[in-house]
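Working notes, beginning with the structure itself.
The values are calculated or read from the model by the stated rules, or taken from the named source; none is laboratory data. Not measured: the values here are computed from a predicted model. No Cβ is skipped: glycine too gets one built from the backbone with ideal geometry, and neighbour counts run over all protein chains shown. Please note that ligands, DNA and RNA were not included when accessible areas were found on the heavy atoms of the full protein model with its side chains. Shrake-Rupley method; radii C 1.70, N 1.55, O 1.52, S 1.80 Å.
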Amino acid sequence: MHVKYLPMRWKCGDNYCYILSDDKSNKSWIIDPAFPNDIEDYLTNENKTDITAIVNTHHHNDHSGGNKFLNSKLFNNLPVIAGKDSPCVSYTPSDGEVIQLGNNVEITAIHTPCHTQDSICYYAVDKETGQKCVFTGDTLFTSGCGRFFEGNGKEMMDSLFKLMKLPDDTIVYPGHEYTAGNVKFSSSVLGKDNKALNDLDKFCKSHEFTTGEFTISDEKKFNPFMRLNDPEVLKSTGLEDPVQVMDKLRIMKNQF
Ligand SMILES: [Zn+2]
């Protein structure tokens, strides 16, 4: 399988659209195509007829805002796979449901309510090559997580636990390029001796785009929201109960 990331709103924002393709059949999903003007050239020049579904990680406009335009102007009524609150949604997969893409790619829907109640992460495996990746929307960012707009710390903890159970070599594709800012906060919480975080800091300083460069294994090392038992996190939050730690981390990040 192959993943193409398309930065959107890059001058004034930081959104990613993704095209996930099965190499054998060349069939693809387009994930979170919120700003059609920014991706239309690519889609027009890259054989858009191979796209078989529009997919959203959650209903926020900067992820789902392109559904209607794409389906009326560029595509012909493709299925819209998303949570219940996305515009034009035609199918909402249940938690754990597996959907086939082309010949070799199997995609599992993972419900991760908290940032929004309709947040879904999509875990893709190529059965032939063994490649694995997950599209995490605004639930998991590189060394961070989304704000709790429609949920609480318990829900984010449970959602991130689901992602932590994925194979360690699963590549992470988040919904935004927030890594540089996240690293500053993570360093303030995890201290100066976290080697994985220090390496991430160096990587950020020489790369504008960090999506697709890190795995679930990396996140477990440098993401404080996945390290609720880390002594440095307990020290920084002054708490021990993991749910309370999660809530406190989010408040600290919001105020950072
Ligand atoms: Zn969002």
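Quick notes on this one:
- Number of positions in the stretch 155-165 that are within 16 Å of the ligand (Cβ to nearest atom) and open to solvent by 70 Å² or more (accessible area, probe 1.4 Å): 0
- Residues of the stretch 48-72 satisfying the condition of being β-branched (Val, Ile, Thr) and either at pLDDT 95 or above or within 21 Å of the chain's Cα centre (by Cα) (or both): ILE51, THR52, ILE54, VAL55, THR57
The rows are residues; the columns are (1) surrounded by fewer than 17 Cβ atoms within 10 Å (Cβ to Cβ); (2) within 16 Å of the ligand (Cβ to nearest atom); (3) of a type outside the set (A, V, I, L, M).
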site	(1), (2), (3)
ILE19	no, no, no
ASP23	yes, no, yes
TRP29	no, no, yes
GLU40	no, no, yes
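- Candidate set from the stretch 113-154 (those that are outside any loop (DSSP other than H, G, I, E, B), more than 13 Å from the chain's Cα centre (by Cα) and under 20 Å from ARG227 (Cβ atoms)); member that is farthest from the ligand (Cβ to nearest atom): LYS154
- Of the helices (runs of 4 or more DSSP H) lying entirely inside the stretch 166-231, the ones with 1 or more residues being without any contact (Cβ under 8 Å) to a residue 24 or more places away in the chain and surrounded by fewer than 15 Cβ atoms within 10 Å (Cβ to Cβ) are found at 195-206.
- Strands (runs of 3 or more DSSP E) fully within the stretch 1-89 counting 2 or more residues that are in contact (Cβ under 8 Å) with a residue 12 or more places away in the chain and out of contact with any Asp or Glu (no Cβ under 9 Å at 6 or more places or on another chain): 2-8, 28-31, 51-55
- Test for ASP85: is it open to solvent by 30 Å² or more (accessible area, probe 1.4 Å), within 16 Å of the ligand (Cβ to nearest atom), under 25 Å from TYR123 (Cβ atoms) and under 15 Å from the mean Cα position of the chain (by Cα): no
- The number of residues in the stretch 176-222 that are under 19 Å from the mean Cα position of the chain (by Cα), among the basic types (Lys, Arg) and modelled with pLDDT under 95 comes to 0.
- Breaking point among (1) closer than 21 Å to ARG250 by Cβ; (2) out of contact with any Gly (no Cβ under 6 Å at 6 or more places or on another chain), for GLY102: (1)
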